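**Student:** Got a structure here, written out as C-alpha cells. Questions coming.
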Amino acid sequence: MKKLEQSKLIGNKTIQISGSKSISNRLLILESLFKNIQIGNLSNSQDTQLLKKALLENTETVDIHHAGTAMRFLTSYYSIAEGKTTILTGSGRMKERPIKNLVTALQNLGVEIEYLENEGFPPLKIQGRKITETKVDVPANISSQFITSLLLIAGKLEKGLEINLVGEVTSRSYIEMTLDILKKFGIQASFIGNLIKVEPYNESNQSAVINYEVESDWSSASYFYSFAALGRETIHLKSFYKESTQGDSAIAKIYEEFFRIQTIFTEAEHKLTLQPDLNFQFPEKIVLDMNNCPDIAQTLCVTAAALKIPFEISGLGTLRVKETDRLLALYNELQKLGTQTEITDNTIKSLNFNDPEENISIKTYQDHRMAMSFAPFCLIKELNIEDEDVVEKSYPMFWEDLSKILNKE
C-alpha cells in the first residue's frame, strides 16, 4: 500500500517519462517481422518487457500474464507463423478479457484458432499458416488494439489486407497512429471512411536499418496534467513531440479548455511545459465525448472530482473490458472522494459532491491507471493507494517521479 500524505506541488521540476508503451509494442512486432528496425527509448513498462520476452522465446506455450496488448498483438503475430503451433495464455484476469472479435476475424482469414477454456476468451491454441484471404469485416466499436493487431501483420501478407470497419469507429486516433508507423517503414496504407487498405511490403525495396526514437508516453503525461491543474504550479516533461500521433495527446487540449493548463513546447529539447493560468475561472460543467482517448478518462474524472466540477463524459464503452471494468471502478472509488456518479455502458456523470471520507483507501482492481489517476488527489487530502506495484504495468518509475514534485505538508 502506498501512503500519499497531503502535499503541495513543487513548481518547475522536470520529469523524463519513458517511451510510449503503445508505440513501443507496435514497433516490437514490426521489428520481429521485418528485422530492419532499431528502437530507441523503448518503454520500460512491464507490458512492453513481457512482449519483448515473448517474441524472443521459442516455446509452444507463451504466458503474457496481465499484458493485454501483448495478448492481442501476438494472437495475429502467431497466426502467420507458418507451421508453428502456439498456446497463448495469461493471468486469471486475462482469461476474462474478451478476444472473440479478433479471433473471428483471423478465422475468417483462414487461420485455425481454438479456445482452450471458455468460448471467446484466452487461452488460445493457434495454428500458424500462410494467409491468402485479402478482405475481412471487423466491428468498428471494439478495442482499437484488435484492429491494430491485424494491421501490424498486414504488410507481411502476400496480397496485403483490406479491413472493413462495420459501424462507428472507436479510438480512431490509435488506428491512425498504427498506420502512421507502418508508413514510416515503407508499408503503404490508407484509411478512407470505414475502409482500411494495407499494401504488401516490398522487401526488395528494403533499405538500410531504420532508427526509430520512441516518443514519451502521453498517457503517463496525463497524470502530471492533473497535478498541474490541482496544484497550479508549472511542470516540465520530456521527451515529447508537438506533432504527436498518440491519441492521448488530446490531454493537452482538454486541460487547456477546462483547467487552463497551457502546453508550451520547446522543440529543440523535445520538452513540454505545463503552465497553469492562475487567474482562470473553472467551468460550471465539463461535457465531453472521449471516444478517441478513453484511457485518460479516469484522470479527468479525478481532476474534476477534486475541484468539484460537475462532469458528463461519454464514449467510454471500451473501459468496461480493460484491466478491470473501469467505469464501475470509478463509480466505487470516486465515492470515497465524496463524488457520487451515475454510470451506463459508455458514460459517467457526476450527481453531487460531498466531503471526502476521513481515511481514503483507493482500490486499484489490478489496474495501473486507477492507481496513477487517483494519486493527484493527495494535493487535496491524504490517501492510500492499494497494490502500489500495479503501476509497473505501464510506468514503473511513477512513484519515484512523483516524489520529485511533491512537498509534504
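**Student:** Would you please state the base-10 log of I(q)/I(0) at q = 0.15, 0.17, 0.22, 0.25 1/Å for segment 91-161, with intensities from the Debye formula using one equal scatterer on every alpha carbon?
**Tutor:** -0.50, -0.64, -1.03, -1.24
**Student:** Additional query: Leaving ligands, DNA and RNA out of it, report the carbon-plus-sulfur percent of the accessible area of segment 21-213 at a 1.4 Å probe. Walk me through the numbers before you get to the answer.
**Tutor:** Working: 3510 of 8060 Å².
Carbon and sulfur: 44 percent of the exposed surface of segment 21-213.
**Student:** With no solvent and one equal point scatterer placed on each C-alpha of segment 178-311, evaluate the Debye formula and give log10 I(q)/I(0) for q = 0.09, 0.15 Å⁻¹, two decimals.
**Tutor:** After summing over all Cα pairs, the log10 values are -0.36, -0.80.
**Student:** Let me ask something else about it. Sequence-distant or interchain residues sharing an amide H contact under 5 Å with Gly338, placed H: which?
**Tutor:** Here the answer is Glu357, since their amide H atoms fall under 5 Å of that of Gly338.
**Student:** From the mean inverse distance of alpha carbon pairs (Kirkwood) and the Cα radius of gyration, derive Rg over Rh for segment 1-154.
**Tutor:** Values: Rg = 17.7 Å, Rh = 16.8 Å.
With Rg and the Kirkwood Rh in hand, the quotient comes to 1.05.
**Student:** Bin all alpha-carbon pair distances of segment 244-318 at 10 Å intervals from 0 and give each bin's fraction as a whole percent.
**Tutor:** So the P(r) values, bin by bin, are 17, 49, 28, 6.
**Student:** Here's a follow-up. So what are the three principal axis dimensions of segment 359-409 from its Cα atoms, in whole Å, longest to shortest?
**Tutor:** 29, 24, 13
**Student:** Further question: Given the C-alpha centroids of segment 371-385 and segment 129-162, what is the distance between them in whole angstrom?
**Tutor:** 41
**Student:** Might you tell me the accessible area per residue for segment 21-213, computed with a 1.4 Å probe and given in Å²? Show your work: numbers first, answer last.
**Tutor:** Working: 8060 Å² over 193 residues.
Spelled out: the 1.4 Å probe surface of segment 21-213, per residue, equals 42 Å².
**Student:** Which three extents, in angstrom, do the Cα atoms of segment 213-253 have along their principal axes, listed largest first?
**Tutor:** 31, 17, 15
**Student:** With the crude spin-label approximation of a point 7 Å out along Cα→Cβ, what separation in nm comes out for Lys308 versus Ile210?
**Tutor:** 5.3
**Student:** Would you mind checking the radius of gyration and Dmax of the chain based on alpha-carbon positions, in Å?
**Tutor:** Taking only Cα atoms of the chain, I get Rg and Dmax of 21.3, 66 Å.
**Student:** Please list log₁₀ I(q)/I(0) at q = 0.14 Å⁻¹ for segment 232-276, using the Debye equation with identical point scatterers on the alpha-carbon positions.
**Tutor:** Calculated log10 I(q)/I(0) at the listed q: -0.30.
**Student:** Setting aside same-chain residues fewer than 8 positions from Lys21, which aspartates and glutamates have a Cα under 13 Å from its Cα?
**Tutor:** Qualifying aspartates and glutamates at Cα under 13 Å: Asp47, Glu213, Glu215, Asp217, Asp248, Asp295, Glu392.
**Student:** Show that you can apply the helix-only estimate: for the chain, add -39,500 (n - 2.57) for every DSSP H stretch of four or more residues, divide by all residues, and state [θ] at 222 nm to the nearest 500. Walk me through the numbers before you get to the answer.
**Tutor:** Working: 12 runs with 128 residues, N = 409.
About -9500 deg cm²/dmol.
**Student:** Another question, then. What per residue convex hull volume, in Å³, comes out for segment 316-396 when only alpha-carbon positions are used?
**Tutor:** Numbers: hull volume 6.7 nm³, N = 81.
With only Cα atoms used, segment 316-396 gives 82 Å³ per residue.
**Student:** Need the C-alpha centroid separation for segment 93-109 versus segment 290-340, integer Å.
**Tutor:** Each part's Cα centre sits 26 Å from the other's.
The values are calculated or read from the model by the stated rules, or taken from the named source; none is laboratory data. This one's a predicted model, so the numbers in the text were calculated from it and none came from an experiment. Note that we place each Cβ from the backbone using ideal geometry, even for glycine, and neighbour counts take in every protein chain shown. Only protein heavy atoms, including side chains, enter the accessible area calculation; ligands, DNA and RNA are left aside. Shrake-Rupley method; radii C 1.70, N 1.55, O 1.52, S 1.80 Å.
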